[in-house]
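What follows is one structure encoded as structure tokens, with my remarks underneath.
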Amino acid sequence: MLDWTDRYFRYFARLISRRCWLYTEMVTTAALLHGDARRFLRFDPIEHPIALQLGGSEPDALAQAARLGEQAGFDEINLNLGCPSDRVQAGRFGACLMREPGLVAEGIAAMVASVDIPVTVKTRIGVDHNDSYEELSALVDKLSIAGCRTFIIHARKAWLKGLSPKENREIPPLRYEIAHRLKQDFPNLELIVNGGITNLDAAAAQLERVDGVMIGREAYHNPWLLADVDRRFHGDETPPPERRQIIQRLLPFIESELASGVPLQRISRHILGLFQGQPGARRWRRHLSENSHKKNADTTVIVEALRYIRPGGTTTD
Ligand SMILES: Cc1cc2nc3c(=O)[nH]c(=O)nc-3n(C[C@H](O)[C@H](O)[C@H](O)COP(=O)(O)O)c2cc1C
């Protein structure tokens, strides 16, 4: 998620769940091929398994960008066919590509030919009036022939004109049954459903029908949601750490980032939601928000904020 799943959030999320897959923000092929590729491809080894999400449509550029991702150590290359923003449409990538299955298939084939890691797709269920099941299943069929075996389905359509990206994540209704039907029609493909899943019971219910669940906003705002993922879905017996332990484990990482000149706020903004629902959560958030941006702010700000969280739960929020 743009601006959210940067390497700081991903490092933090990985401390909560060792097993869930993490996805980068969408990175355009132009940014990788003509910009500061090192910056976009950087991640910490603890982030594995991690997928690089690409935005682009030109097959050669996609192939080159995928190769850079593989060389950087990513475990999967994912192509974005779901973003509806104007900027993305102007660059001819994201959701508008759902209308160009031939071009996307060429891009998938070019990427598959140039890397050994899986090439996957994240798509909507339709755009504008091109929203029939037949069009979607024809797209999935074509891309699977081109070599894509995993489809992440954001189970709502996108309107390319008239709705903002935010509205396009809220207004078009969720239609999980479309993702379920795809799984029935393409039993050999891996189908992962996305959109509006806010707790692990809902995820478990989806897993009766599909192979995986992707959680976006809720995992960001309430990252502790991820704490039970390993035990519940991966049979991992190790109990998850306490929330405070997550912070203790994060502190050395933050210190090394601060030492290389990263401002505290760039990392601390991602951890505001960790104590959601706990006594003291509001003060934790407020202390971080009010102090992290100050000049020379360091990990003391986080240690101080942690004092608002009482293990016995005696402090009111
Ligand atoms: C701030 C923000 C940025 C996003 N950026 C991306 C992105 O870069 N690539 C992408 O595939 N989806 C992006 N999305 C969409 C989410 O991945 C997800 O498909 C959508 O929010 C629905 O899932 P959810 O209800 O679990 O959040 C973004 C969503 C938000 C809120």
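The values are calculated or read from the model by the stated rules, or taken from the named source; none is laboratory data. Small disclaimer: the values here were computed from a predicted structure and weren't measured. Methodologically, a virtual Cβ is constructed for each residue, glycine included, from the backbone with ideal geometry; neighbour enumeration extends over all protein chains shown. We work out accessible area using only protein heavy atoms, side chains counted, and drop any ligands, DNA or RNA first. Shrake-Rupley method; radii C 1.70, N 1.55, O 1.52, S 1.80 Å.
Rounded to the nearest 10 degrees, the inclination of helix 133-145 to the longest alpha-carbon principal axis of the chain is 90 degrees. With a ≥ b ≥ c taken as the square roots of the eigenvalues of the C-alpha gyration tensor of the range 115-225, please select rounded if a/c is under 1.5 and otherwise prolate if a/b is larger than b/c or oblate if it is not? Here the range 115-225 falls in the oblate category. Here the accessible area of the chain is 49 percent carbon and sulfur, with a 1.4 angstrom probe and all protein chains present.
When nucleic acids and ligands are ignored and a 1.4 Å probe is applied, Met1 ends up with an accessible area of around 70 Å². Over all distinct Cα-Cα pairs of the range 240-317, the Kirkwood formula returns a hydrodynamic radius of 12.7 Å. Per residue, the convex hull spanned by the alpha carbons of the range 7-221 comes to 115 Å³.
Placing R0 at 45 angstrom, the Cβ-Cβ distance between Ser260 and Trp21 gives a FRET efficiency of 0.95 after rounding to 0.05. Rounded to the nearest 10 degrees, the angle from helix 243-259 to the longest Cα principal axis of the chain is 80 degrees. With a cut-off of 13 Å on the backbone N, the residues of the range 1-25 near the modelled label site 7 Å out from Ala72 along Cα-Cβ are 6-8, 23-25.
Accessible surface of His221, taken over heavy atoms with a 1.4 Å probe and every protein chain present, rounds to 90 Å². Using heavy atoms of the protein chains and a probe of 1.4 Å, the accessible area assigned to Cys20 is about 20 Å².
Report the antiparallel proportion of the DSSP beta bridges in the chain as a percent, rounded to a multiple of 5.
5
Over the chain, what is the relative contact order in percent, taking alpha-carbon pairs closer than 8 angstrom and at least six residues apart?
This gives 14 percent for the chain.
How long is the gain from Gln184 to Asp201 if the chain were fully straight, where each residue apart is worth 0.36 nm and the alpha carbon distance is subtracted? Let's see the in-between values first.
Details: separation 17, 0.36 × 17 = 6.12 nm, distance 2.20 nm.
So the extension gain works out to 3.9 nm.
With the contact rule set at Cα under 8 Å and sequence spacing of 6 or more, what percent relative contact order holds for the range 243-306? Before the final figure, lay out the partial values.
Details: 47 pairs, mean separation 23.1, N = 64.
In percent, rounded to a whole number, it is 36.
Residues His154, His129, ordered by accessible area of protein heavy atoms at a 1.4 angstrom probe radius and largest first, appear as His129, His154. Extending 7 Å from Cα along the Cβ direction at Lys142 and again at Arg209 yields two label points whose distance is 2.6 nm. Can you tell which of Leu272, Val210, Ala65 lies farthest toward the positive end of the dipole of the chain, using +1 and -1 charges on the Cβ of basic and acidic side chains (Lys, Arg; Asp, Glu)? Highest projection toward the positive end goes to Leu272.
Rolling a 1.4 angstrom probe over the protein heavy atoms with all chains in place gives the chain an accessible area of 47 Å² per residue. Label sites at Asp3 and Ser164, each approximated as a point 7 angstrom past Cα along Cα to Cβ, lie 1.0 nm apart.
Could you count how many Lys pairs in the chain have their Cα atoms under 29 Å apart, skipping same-chain pairs fewer than 8 positions apart? The result is 11.
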